[in-house]
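See structure below.
The values are calculated or read from the model by the stated rules, or taken from the named source; none is laboratory data. Everything quoted here is computed from the prediction, not taken from an experiment. All Cβ positions, even for glycine, are placed from backbone atoms using ideal geometry, and neighbour counts span all protein chains on display. The protein model used for the area step is the full one, side chains on, heavy atoms only, and it has no ligands, DNA or RNA in it. Shrake-Rupley method; radii C 1.70, N 1.55, O 1.52, S 1.80 Å.
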Amino acid sequence: MRKLAVKQLQDHHRGATFTSVLPGHVVQRGGFRVYAQPGFRTHDEPGRHVHTVPEVFVIVQGSGVIEIEGAEVDTFEAGEAIVFEPGEDHHLISRGTDPLVFTWMHLEPVTAEPVE
């Protein structure tokens, strides 16, 4: 897991980019979530929650704790980007009074096109 402030991301003419964080990756899919209740835990299904690709969360509003492999390892707040590595069992737990609002993205490596 890596945690960055959004202001640490590399500037680009269209805004901050993740290319300096995960070079060679593009967004495979993603979404936007809002959870109004404190104590919300992402991916709260039984068993481990892992991916074969990196997952990035950008916290728009709210705060809480980061859980990896069942242990609370760090905190998060609005304006931070959290990168979970492939194979990490990961969750975010809302602990603030403001609703938790975030975007999430699954990334995949860029595959080189064959040169003809």
* Selection count, the range 69-93, where residues are of a type outside the set (A, V, I, L, M), over 16 Å from THR52 (Cα atoms) and under 10 Å from the mean Cα position of the chain (by Cα) -> 1
* Structure fact -> Flagged pairs (Cβ under 7 angstrom, 6 or more apart or on separate chains; first in the range 28-53, in contact (Cβ under 8 Å) with a residue 40 or more places away in the chain and over 21 Å from PRO86 (Cα atoms); second of a type in the set (Lys, Arg) and open to solvent by 90 Å² or more (accessible area, probe 1.4 Å)) are PRO38/ARG95
* Asked: Any residue at all in the range 25-38 that is farther than 13 Å from MET1 by Cβ, part of a loop (DSSP other than H, G, I, E, B) and open to solvent by less than 50 Å² (accessible area, probe 1.4 Å)?
  -> no
* Asked: What number of residues within the range 44-59 satisfy the criterion of being open to solvent by less than 20 Å² (accessible area, probe 1.4 Å) and under 13 Å from HIS25 (Cα atoms)?
  -> 3
